[in-house]
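Presented below is the structure to which this report refers.
The values are calculated or read from the model by the stated rules, or taken from the named source; none is laboratory data. Bear in mind that the values here come from a model prediction, so they are computed numbers and not experimental data. Neighbour counts are summed over all protein chains in view; Cβ atoms, including those assigned to glycine, are modelled from backbone coordinates with ideal geometry. Accessible surface is based on the protein model in full, side chains and every heavy atom, while ligands, DNA and RNA are left aside. Shrake-Rupley method; radii C 1.70, N 1.55, O 1.52, S 1.80 Å.
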Amino acid sequence: MLSLIDPRFECSICLNCLKDPMLTRCGHRFCSECINTWLKRKSQICPIDLLPLTIEGLFPDNYTKREIDEQKVACLNTGCDVTIPLLEADQHYSSCGFNKNQINGLADNLCPFHLIGCKDTIKDKNELSNHLVMSVHRHVTLLTKSHIDFMNKFQIRDGARSKALEATQMWDADKDPNSEKALLCNLYERIVVLEQSNIEKDKDIKRLTQKNAIKDKDIEQLSEMVNNLIVKFDQSQNAISLITCNGVYIWRFENFMESLKSMREKPLQTQYYTPGFYTSSAGYKLCGRINMSTDNRHLSLFIHMMRGDYDDTLIWPFSGHITLSLINPTNPIQNICLTMQSSAESEAFRRCSFGNIGNEVLSLNPRAFGYSEFVAIDEVLQNGFIKNDSIVIKIIVECNK
């Protein structure tokens with residue numbers, strides 16, 4: 001009987017118990033539906049080791065399926081003593097009479113990443129799933145910061161332990177460690193060690209200062225260089241994420257009310273764009289655009305083709321499906337989701353190689369494709385689409401094969 005899912009039975013895509021497990025040639029297991037959806041909507045690679053993978057390289061894992069069928073788990077709700085088959089655990093947990101609608105056993109329904117700084121609260125499992133999808137980059141940043149802080153604290157603690165060990169080694173082996181005299185002697189010797197250490201450090205600092213003539217200006221320059229490197233590193237991370245997003249871009253539109261005011265005051269001059277993102281690591285480059293409609297009552301949402309690094313190797317005009325979604329953070333059922341098919345006759349999907357200025361080529365196709373009345377502004381304001389003065393737009397671009 002298990003109280004948690006064995007890692008051998010966990011799908012690395014949905015993070016739930018394997019359903020109709022499939023085994024890849026490289027030895028990884030996934031739910032049949034999860035891995036087939038991944039290969040159809042993403043690229044032909046394994047989600048774990050990124051090795052080439054096709055549907056023909058999948059095999060039913062009947063042995064693991066039989067193992068899962070034999071597993072039993074205890075209900076995690078306090079007060080419930082029911083033992084159920086592993087595959088039925090989720091269904092039982094959601095309908096269990098002892099379910100307090102808590103997430104991860106936390107009374108305040110905190111995010112699983114709350115220990116490293118995520119302060120969002122979750123109402124139910126659907127909102128938790130939505131939150132984890134929308135906040136991937138923020139959680140990765142928090143994990144990186146937490147790791148750096150941990151390593152710094154570990155180094156400080158390790159240094160303190162070394163000093164304590166040095167002081168302990170100075171004890172007289174014949175002393176009774178439980179006597180009052182021995183304890184006082186130990187304390188005194190530790191103080192002496194710390195004082196000597198501080199004296200040596202002061203001498204080292206003075207020698208270094210005299211030798212290298214360290215000035216405040218030098219420190220400021222070094223600090224500025226470090227800050228510039230941090231900025232470049234963040235920019236590189238963002239650029240990599242835009243290339244490897246596989247045509248799925250999550251647009252967190254912040255300061256929405258102020259932006260909405262600007263669009264109402266100057267509807268023709270005020271437009272907002274996403275960064276350019278790619279359909280694959282060597283695919284088409286696109287961006288999203290939002291602005292006020294001509295009737296001043298709707299938000300318009302469009303897609304622009306952009307000049308990319310791999311345009312010479314691609315087939316033009318672009319052919320595929322584009323899905324635009326406005327996410328409701330409190331009620332996913334109210335998400336607005338519209339899908340459109342590209343048109344070979346439309347200039348919006350042609351390669352960005354016209355409108356030359358001298359020898360320069362425009363980086364953005366001036367022709368756009370989308371919805372001039374994507375959503376009514378009143379619907380956005382009244383139906384809970386705004387959270388923390390932000391709205392979330394999800395863009396999915398899928399190429400035809």
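Determine how large the accessible area of Cys46 is when every protein chain is in place; take a 1.4 Å probe and give Å² rounded to the nearest 10.
Roll a 1.4 Å probe over it and Cys46 shows about 0 Å².
How far apart, in nanometres, would the label points at Asp389 and Asp49 be if each is projected 7 angstrom from Cα along the Cα-to-Cβ direction?
4.9 nm
HN-Hα J couplings of region 84-89 from phi, Karplus 6.51/-1.76/1.60, θ = phi - 60°, integer Hz, Gly and Pro as x?
10, x, 4, 5, 9, 5
7 Å from Cα along Cα→Cβ at both Arg367 and Arg350: what's the point-to-point distance in nm?
In this crude label model, Arg367 to Arg350 measures out at 0.5 nm.
Amide H of Arg307: which non-local residues (sequence gap of 5 or more, or other chain) have their own amide H closer than 5 Å, using H built in the peptide plane?
Under 5 Å from the amide H of Arg307 lie the amide H atoms of Leu364, Asn365, each far enough along the sequence or on another chain.
Would you mind checking the pairs Lys19/Lys123; Lys145/Lys261; Lys125/Lys232; Lys125/Lys266 and listing those with alpha carbons more than 30 angstrom apart? Mind dumping the intermediate values first?
On the way: Lys19/Lys123 26 Å; Lys145/Lys261 36 Å; Lys125/Lys232 37 Å; Lys125/Lys266 41 Å.
Lys145/Lys261; Lys125/Lys232; Lys125/Lys266, as the Cα separations exceed 30 Å there.
Whole-Hz Karplus ³J(HN,Hα) for region 283-290, in order, using 6.51 cos²θ - 1.76 cosθ + 1.60 and θ = phi - 60°, x for Gly and Pro?
Running phi through 6.51 cos²θ - 1.76 cosθ + 1.60 with θ = phi - 60° gives x, 6, 10, 9, 8, x, 9, 10 Hz.
Run the simple label-point estimate for Lys123 and His321 please: 7 Å along Cα→C-beta, distance reported in nm.
Each label point lies 7 Å from its Cα, and together they span 2.9 nm.
Could you calculate the FRET efficiency of Lys203 with Asp234 from 1/(1 + (r/R0)^6), where r is the beta carbon distance between them and R0 is 45 Å, rounded to 0.05? Write out the running numbers ahead of the final one.
Working: r = 39 Å, r/R0 = 0.87.
Efficiency, from the Cβ-Cβ distance: 0.70.
Per-residue accessible area for Arg367 at 1.4 Å probe radius, Å² rounded to 10?
Solvent-accessible area, nearest 10 Å²: 140 Å².
Heavy-atom accessible area of Ser262 with all protein chains present, probe 1.4 Å, nearest 10 Å²?
40 Å²
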